[in-house]
Amino acid sequence: MSSRLLVFAGLVGGALLGLVASAQPWWRATGTGVDVPFTGTESSAGLSQVLMVVALAGTLLLLTLRRRGRQVVAILLALLGAGIAITGALRLRPSGSAVRNRLRQTSLADSYALTSSVWPFLYAGAGMLILGAAVLMAVRSPHWSHRTDRFHRPGVPGTGDASDPATLWKAMDAGIDPTVTAGRSDRRPDAGPAGEPPDPDVHGSTSGDRMGTNQNADRRTNFE
């Protein structure tokens, strides 16, 4: 498996796992005849879900970036993955007022006990997966080719990076037009400059010479 595929599988898989984990019960408030679950989104006031949405958006953004952009986003995703892992490890609890309000909707119990589930740890594992994939991308992404590189013809003047001033100066010093993106090897030898039709004088003079030669040959034959 290539490093590119491994990175994107880790980022997408971690983000999807985190979204699922944040929607599951992290805490349960149990009392006399009552059992109220609180999801990760409710327990963290929406933070757990927002972090995963940002991670997924950053993964999609990588498809449009080049080498330096990928490295910057990789560092940001690594920090984001660390924050997700810490959020899951802390197992953020719902506030006391939120628990009492939910309990009053179902019963009159004032006393309750909060019990945790395994979903916060799975959420933290998703953050570690994103962190590992982001670190791998920061190391390996300089060796990845960009999608538009397949359209560049190697060895043809002008196909370098037009945004690099050094490349433009080198091309002009060598007498090459840096705006030219393809060779003209398919042009006819008697063709004029690029975009102009062949010189009619060339064809005309050649045809005239041939006609003159044929007429001279006919005259010598008749004379003999």
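The values are calculated or read from the model by the stated rules, or taken from the named source; none is laboratory data. If you're wondering where the values come from, they're calculated on a predicted model, not measured in any experiment. Note that each Cβ is placed from the backbone with ideal geometry, even for glycine, and that neighbours are counted across all protein chains shown.
Just a few scattered comments:
- Flag for R102 being more than 18 Å from the chain's Cα centre (by Cα), surrounded by 17 or more Cβ atoms within 10 Å (Cβ to Cβ) and at pLDDT below 95: yes
- Residue that is closer than 21 Å to S141 by Cβ and at pLDDT 90 or above, where the choices are V54, V50: V54
- Among the residues of the stretch 19-70, those that are of a type in the set (G, A, S), assigned to a helix (DSSP H, G or I) and surrounded by fewer than 16 Cβ atoms within 10 Å (Cβ to Cβ) comprise A57, G69.
- Candidates are the residues of the stretch 79-91 that are of a type in the set (A, V, I, L, M) and surrounded by fewer than 19 Cβ atoms within 10 Å (Cβ to Cβ); the one that is nearest to the chain's Cα centre (by Cα) is L79.
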